[in-house]
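After the structure tokens below, expect a handful of questions from me.
Since every read-out is calculated from the coordinates, none of them should be taken as a lab result. Since the model is a prediction, treat every value here as computed from it, not as a measurement. Please note: Cβ atoms are built from the backbone with ideal geometry, for glycine as well, and neighbour counts cover all protein chains shown.
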Amino acid sequence: MSHDTAPADRPLGVGILGAGPVTQAIHLPALARLQDILEVRHIMDVDPAVASSVAARVGATAGTSMDALMNDPAVDVVAICSPHQFHADQVIAACRAGKQAVLCEKPFAMNAGEAARISAVSSETGVPIVVGAMHTFDPGWLAAEQNWGDLPEQVHTIRSSIVLPPNARFEDFATEILTRPAAGEPNYSDINVIKNALRGGIMGLAIHDLPLVRRFTPDFADIEVLQVLHVRPFGYAVSLRTPTRVIELRAVMNSTWKPEWTFEAIADDAALHIDFTPSYVQAGSAVARLTSRGGSETRTFGPYGHNGYEGEWRELAELAKGTRQAPSAQALIDDLTFALAIADATVDSAPGQADTAEKAGVSA
Amino acid sequence: MSGPYTVLASPTAREAGAVTQTVASLPATFAPAAKNLQSTADVLVVAGEPGWTDEARRAVAAGARGIVVANPVPEDTRELAAAANAAGTAVVLDLRWASNPALVAEGDGPDARDAVRSALGTASLLDSVAATAPGTDPRRLLGEHLAALLAVSGPLHEMLLLRCDATGYTVAGRLANGAPFTAQGVLTAARPAGVDIRLYTADGGVAVQVPDPDAAWPAEVRVTGTHGELLLPTLYESAHRSAWRRLKDHLGAGTRPDDLAGFARLTDLYATLADT
């Protein structure tokens, strides 16, 4: 495989697998801000009408074939925004196609075996892979990371709290959506529906911040679930601990207009608090506050002009051009196995909640 | 009685309840007892350490007209309540956060309790975090935390203490409508001590931030809904002064507060948790 680098004065060509709401409302608006370095050239979707319509918005080639996109010489960088179960095979295909870099929406695999296969192919082909954990590319987070010193070793408590309106609220601020998946009314009297919702909550929502949690959890492999509570209409309250850390995950998706997305890492005498901006809209970076010396000293980082999604595309461009070192494949695997371990343990800890909730609902 | 009520506090109680500065902020009503009149002081201040109910009962027996208990730990209050009722003594509890005037207003003023309780029917999650300095007994913090929660939320069900260690604790349970609630204590000096209560509902919620009573920092109560976000009027009065002002009102009206009855609910809940 050859890794031809695009001329320095020519934007890198982007091909996108999957043209759903995330592509329409997150990636295309982010790429529109980066036209000097990245240009969308090929859009693939299983729905030919969606592929054509979305591609027409950016003047790209449309198609329903993954192979056609992989073989398109105009595509230097591949973004995988398809349903989760296709991620692993598509990442591997992009690496084998000799692309210069691959962006895979999280999660980049559904089990450790897939992750190991991806890692092997990435090592063999030398194609760098970025997983779309956008907060790890947020300038607010990155500035805090540059300045937090030994905080990761001192932290004893980590909290991730996510309160979000329905996605459509922000999608509609970001673009004009072509299609949305049909929203059903979940039957929460069925424990399996609750378990699926909890797994979806961890692998679809908490996973945004689990790489951040892991950054402050050196003994992440030794995770214990203390309690799992299902939050309606969608969310969770999960209490975890390792031998040295307490981890609390909260999420509520309801009909509020007010998003609150916070991450905290707390030690005896120092702490990090981050307020992230909502996804979809181009509302700039997170604001990070590092407090030290027992609270007497606070340093604030941000807001900066772009968010983590734009940050990951900027990084991808640098990786493709060879001006930045590829992220550690082991780190990506560790992030994934950490998330999978929490998701599995969360589902295992969930039984019985349907009955309890129903009884409580009757008495309310 | 129209003149100032005389006040006597031990050094420990004086420090625990910030008595000197609080009494000084109600100068027409309260005054420190002169040294030669301390045995006949109108109001006795008791530090809320273990055994405080016994000390308070002795104060009732000694003829105190009013008793202020500074930051009491959960303890069986039944005998004290009976003694206070029989003697006509007003017993006011000065609770670290629960006595903050923003939580429970006097009269018809807006407060956190009304905001939270009117939203409980559509609650999705109540999530609360209390923070205080490292080295604090986490169970003491838990008692202070639960007192603030009970003040605004009403009954809490199926409570479990998931963990309690040198860095804090986690408690989980359910609200009346079956929605989950969680309460976490964190021992850290990296954020101001206080308690944060967040109730999330179908279309918004209520956020309550209560500071320590060291100064008259106001609590903030924000109600979010389809109307936007409403900040309830801020009250620049510490929990200490609010407790003393209630004592003033009861002494003036000859009534007795129901602090001990409310505290009994906390004591029962705390005992239940200690067994988990």
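If you place +1 on the Cβ of every Lys and Arg and -1 on the Cβ of every Asp and Glu, how big does the dipole about the Cα centre of the protein assembly as shown come out, in debye to the nearest 20?
Around 1040 debye, computed over the protein assembly as shown.
Can you work out the FRET efficiency for the pair B:Thr20 and B:Arg139, with r the C-beta to C-beta distance and R0 = 30 Å, to the nearest 0.05?
FRET efficiency, B:Thr20 to B:Arg139: 0.55.
Could you work out, for chain B, what percent of all Cα-Cα pairs fall into each 5 Å distance bin, beginning at 0 Å and stopping at the bin that holds the largest distance?
Result returned by the calculation: 1, 6, 13, 17, 18, 16, 13, 9, 5, 2, 1, 0, 0.
Need one word for the stretch B:1-136: rounded, prolate or oblate. Basis is the Cα gyration tensor (sqrt eigenvalues a ≥ b ≥ c); a/c below 1.5 gives rounded, then a/b vs b/c decides.
In terms of gyration-tensor shape, prolate.
For the stretch B:201-276 and the stretch B:142-172, write down the distance between their C-alpha centroids in whole Å.
Comparing the Cα centres of the stretch B:201-276 and the stretch B:142-172, I get a distance of 15 Å.
Taking Cα centroids, how far is the stretch A:213-277 from the stretch A:115-156 in Å?
Using only Cα atoms to place each centre, the spacing works out to 18 Å.
How big, in percent, is the set of alpha carbon pairs in the stretch A:12-132 lying more than 19 Å apart? Working shown, then result.
Values: 2915 of 7260 pairs.
When all Cα pairs of the stretch A:12-132 are counted, 40 percent exceed 19 Å.
For A:His42, B:His227, A:His84, what's the fewest-to-most ordering of other Cβ within 10 Å of each Cβ?
B:His227, A:His84, A:His42
Mind checking B:125-134 for the average number of partner chain beta-carbons within 10 Å of each residue's beta-carbon?
Per residue, the average neighbour count from other chains is 4.
Among B:Asp111, A:Asp219, which comes first, then next, by fewest other beta-carbon atoms within 10 Å?
A:Asp219, B:Asp111
Could you pull out every residue, at least 5 positions away or on a different chain, whose amide H is within less than 5 Å of the one on A:Thr157? Hs are placed 1.01 Å off N in the peptide plane, and Pro or chain starts have none.
Close amide H contacts, sequence-distant or interchain: A:Val246, A:Ile266.
Still on this model: For chain A, what's the relative contact order in percent, using C-alpha pairs closer than 8 Å and at least 6 residues apart?
The value is 20 percent.
What Rg and what Dmax come out for the protein assembly as shown when only alpha-carbon atoms are used, in angstroms?
In order Rg, Dmax, the Cα atoms of the protein assembly as shown give 28.7, 98 Å.
Same structure, new question: May I ask you to list the aspartates and glutamates whose Cα is less than 18 Å away from that of A:Lys99, ignoring any residue fewer than eight positions away on the same chain?
Straight-line reach from A:Lys99, under 18 Å: A:Asp4, A:Glu39, A:Asp67, A:Asp72, A:Asp76, A:Asp89, A:Glu124, A:Glu312, A:Glu315, A:Glu318.
Right, another one. Need the list of lysines near A:Lys106 for cross-linking: C-alpha distance under 28 angstrom, and skip anything on the same chain fewer than eight residues off.
Answer for A:Lys106, where 28 Å is the Cα cut-off: A:Lys195, A:Lys258, A:Lys321, listed by chain and number.
B:Ala98's amide H: which non-local residues (gap 5+, or another chain) put their own amide H closer than 5 Å, with H modeled 1.01 Å from N in plane and none for Pro or chain starts?
Here the answer is B:Ala148, since their amide H atoms fall under 5 Å of that of B:Ala98.
Just check the stretch A:173-251 against the gyration tensor rule for me: Cα atoms, a ≥ b ≥ c as the square roots of the eigenvalues, rounded for a/c under 1.5, and otherwise prolate or oblate depending on whether a/b exceeds b/c.
Because a/c hits 1.5 or more and a/b fails to exceed b/c, the stretch A:173-251 counts as oblate.
Also: Over the stretch A:12-132, calculate the relative contact order: mean separation of alpha carbon pairs under 8 Å at least 6 apart, over the residue count, as a percent.
23 percent
Also, quick follow-up: With the Cα gyration tensor of the stretch B:112-231 giving a ≥ b ≥ c as the square roots of its eigenvalues, does the rule (a/c under 1.5 for rounded; else a/b larger than b/c for prolate; else oblate) give rounded, prolate or oblate? Display every interim value, and only then the final one.
Details: a/c = 2.26, a/b = 1.31, b/c = 1.72.
Because a/c hits 1.5 or more and a/b fails to exceed b/c, the stretch B:112-231 counts as oblate.
At R0 = 30 Å, how high is the FRET efficiency between A:Gln146 and A:Asp348 if r is their beta carbon distance? Nearest 0.05 is fine.
For R0 = 30 Å, the calculated efficiency reads 0.20.
Continuing with the same structure: Evaluate E = 1/(1 + (r/R0)^6) for B:Ser118 and A:Arg96, where r is the Cβ-Cβ distance and R0 equals 56 Å; express this FRET efficiency to the nearest 0.05.
On the way: r = 60 Å, r/R0 = 1.07.
With R0 = 56 Å, the Cβ-Cβ based efficiency is 0.40.
Hey, another quick one. Cut-off is 10 Å between beta-carbons; in what order do B:Ser118, A:Ser239 appear when sorted fewest neighbours first?
Least to most surrounded, the residues fall as B:Ser118, A:Ser239.
So which GluC sites (Glu not before Pro) in the stretch B:74-117 end up in coil per DSSP with only 15 or fewer other C-beta atoms within 10 Å?
For GluC sites (Glu not before Pro) across the stretch B:74-117 that sit outside H, G, I, E and B with at most 15 neighbouring Cβ atoms in 10 Å, the list reads B:Glu106.
Relative contact order for the stretch B:112-231 using alpha-carbon pairs under 8 Å, separation at least 6, rounded to a whole percent?
30 percent
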